[in-house]
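The values are calculated or read from the model by the stated rules, or taken from the named source; none is laboratory data. In this text the structure is predicted, and so the values were computed from the model without any measurement. For neighbour counting, all protein chains shown are included, and Cβ atoms are generated from backbone atoms with ideal geometry for every residue, glycine included.
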(Lines give C-alpha, C1' and ligand atoms only; values in the text may rest on other atoms or scores of the structure.)
Protein backbone atom coordinates (compact mmCIF):
# COMPACT_ATOMS: atom_id res chain seq x y z
CA UNK A 1 0.00 0.00 0.00
CA UNK A 2 2.81 2.43 0.86
CA UNK A 3 4.64 1.69 -2.40
CA UNK A 4 1.42 2.36 -4.30
CA UNK A 5 1.02 5.77 -2.60
CA UNK A 6 4.66 6.71 -3.25
CA UNK A 7 4.26 5.85 -6.93
CA UNK A 8 0.84 7.51 -7.23
CA UNK A 9 2.19 10.76 -5.77
CA UNK A 10 5.37 10.72 -7.86
CA UNK A 11 7.70 10.93 -4.86
CA UNK A 12 11.31 10.67 -6.00
CA UNK A 13 12.97 11.11 -2.60
CA UNK A 14 11.34 8.20 -0.75
CA UNK A 15 13.16 4.91 -0.24
CA UNK A 16 11.14 2.01 1.15
CA UNK A 17 12.82 -0.78 3.08
CA UNK A 18 10.77 -4.00 3.32
CA UNK A 19 11.96 -4.91 6.81
CA UNK A 20 11.09 -4.54 10.46
CA UNK A 21 13.29 -2.34 12.64
CA UNK A 22 14.77 -3.57 15.89
CA UNK A 23 17.79 -3.74 18.15
CA UNK A 24 19.61 -6.40 16.09
CA UNK A 25 19.79 -7.70 12.53
CA UNK A 26 18.17 -11.06 11.75
CA UNK A 27 14.60 -12.32 11.46
CA UNK A 28 11.55 -11.97 13.65
CA UNK A 29 7.87 -12.81 13.64
CA UNK A 30 5.27 -10.25 12.58
CA UNK A 31 1.75 -11.00 13.73
CA UNK A 32 -0.72 -9.78 11.10
CA UNK A 33 -3.95 -9.51 13.05
CA UNK A 34 -7.29 -10.19 11.43
CA UNK A 35 -10.42 -8.09 10.94
CA UNK A 36 -11.12 -5.39 13.51
CA UNK A 37 -7.80 -6.23 15.23
CA UNK A 38 -5.67 -5.37 12.17
CA UNK A 39 -4.47 -2.14 13.82
CA UNK A 40 -2.91 -4.28 16.57
CA UNK A 41 -0.56 -6.15 14.24
CA UNK A 42 2.88 -6.30 15.87
CA UNK A 43 6.27 -7.95 16.22
CA UNK A 44 6.99 -10.63 18.78
CA UNK A 45 4.62 -13.16 20.25
CA UNK A 46 0.90 -13.59 19.72
CA UNK A 47 -1.41 -11.91 22.18
CA UNK A 48 -3.44 -14.43 24.14
CA UNK A 49 -6.91 -14.89 22.70
CA UNK A 50 -6.18 -12.99 19.50
CA UNK A 51 -6.27 -14.37 16.02
CA UNK A 52 -3.63 -13.53 13.49
CA UNK A 53 -1.15 -14.89 11.01
CA UNK A 54 2.53 -15.30 11.87
CA UNK A 55 4.82 -14.00 9.13
CA UNK A 56 8.62 -14.32 9.25
CA UNK A 57 10.18 -10.95 8.34
CA UNK A 58 13.67 -9.53 7.96
CA UNK A 59 14.78 -7.56 11.02
CA UNK A 60 17.32 -4.76 10.67
CA UNK A 61 18.70 -1.99 12.82
CA UNK A 62 18.26 1.59 11.67
CA UNK A 63 22.06 1.85 11.60
CA UNK A 64 22.37 -1.01 9.10
CA UNK A 65 19.22 -0.24 7.13
CA UNK A 66 20.33 3.30 6.26
CA UNK A 67 23.45 3.15 4.07
CA UNK A 68 26.39 4.64 5.99
CA UNK A 69 27.35 6.76 2.96
CA UNK A 70 24.04 8.63 3.33
CA UNK A 71 24.17 9.24 7.09
CA UNK A 72 25.27 12.86 6.64
CA UNK A 73 21.98 13.51 4.81
CA UNK A 74 19.78 12.14 7.63
CA UNK A 75 17.93 15.11 9.12
CA UNK A 76 14.89 13.44 10.66
CA UNK A 77 14.00 10.01 11.96
CA UNK A 78 10.30 9.36 12.51
CA UNK A 79 9.22 6.15 14.17
CA UNK A 80 5.71 4.83 14.73
CA UNK A 81 6.28 1.15 15.37
CA UNK A 82 3.36 0.11 17.56
CA UNK A 83 5.40 -0.50 20.70
CA UNK A 84 8.73 -1.44 19.09
CA UNK A 85 10.21 2.06 19.27
CA UNK A 86 12.70 1.36 22.06
CA UNK A 87 14.37 -1.64 20.35
CA UNK A 88 14.51 0.38 17.10
CA UNK A 89 16.14 3.32 18.90
CA UNK A 90 18.69 0.97 20.45
CA UNK A 91 19.42 -0.30 16.93
CA UNK A 92 19.84 3.30 15.75
CA UNK A 93 22.44 4.15 18.37
CA UNK A 94 25.43 4.20 16.02
CA UNK A 95 23.68 6.46 13.51
CA UNK A 96 22.24 8.74 16.21
CA UNK A 97 25.65 9.19 17.83
CA UNK A 98 27.21 10.01 14.45
CA UNK A 99 24.74 12.56 13.06
CA UNK A 100 22.35 13.73 15.84
CA UNK A 101 19.22 14.06 13.65
CA UNK A 102 15.89 15.39 14.85
CA UNK A 103 13.74 12.56 16.16
CA UNK A 104 10.01 11.99 16.42
CA UNK A 105 8.21 8.92 17.66
CA UNK A 106 4.85 7.85 18.85
CA UNK A 107 4.17 4.98 21.19
CA UNK A 108 0.77 3.77 22.24
CA UNK A 109 0.04 0.25 23.41
CA UNK A 110 -3.26 -0.34 25.15
CA UNK A 111 -3.37 -3.59 27.10
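Mind telling me which of the residues 83, 44 ends up being in the same structural domain as residue 102 (by TED's automatic domain parsing) and touching a residue at least 12 places away in the same chain (Cβ under 8 Å)?
Values: 44 fails: in the same structural domain as residue 102 (by TED's automatic domain parsing).
Selected residue: 83, the only one of 83, 44 that is in the same structural domain as residue 102 (by TED's automatic domain parsing) and touching a residue at least 12 places away in the same chain (Cβ under 8 Å).
Please enumerate the residues belonging to region 50-73 that are surrounded by 14 or more Cβ atoms within 10 Å (Cβ to Cβ) and either more than 16 Å from the chain's Cα centre (by Cα) or in a helix (DSSP H, G or I) (or both).
If the condition is that a residue be surrounded by 14 or more Cβ atoms within 10 Å (Cβ to Cβ) and either more than 16 Å from the chain's Cα centre (by Cα) or in a helix (DSSP H, G or I) (or both), then 52, 62, 63, 64, 65, 71 are the ones that fit.
Could you grab me the full set of residues in region 76-88 that are modelled with pLDDT under 90 and either in a helix (DSSP H, G or I) or within 18 Å of residue 17 (Cα to Cα) (or both)?
76, 77, 78, 79, 80, 81, 82, 84, 85, 86
Quick grid of which residues meet (1) on the phi > 0 side of the Ramachandran plot; (2) loosely packed, with under 13 Cβ neighbours inside 10 Å; (3) in a loop (DSSP other than H, G, I, E, B):
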| position | (1), (2), (3) |
| --- | --- |
| 7 | no, yes, no |
| 13 | no, yes, yes |
| 18 | no, yes, yes |
| 23 | no, no, yes |
| 28 | no, no, no |
| 31 | no, no, no |
| 39 | no, yes, no |
| 45 | no, yes, yes |
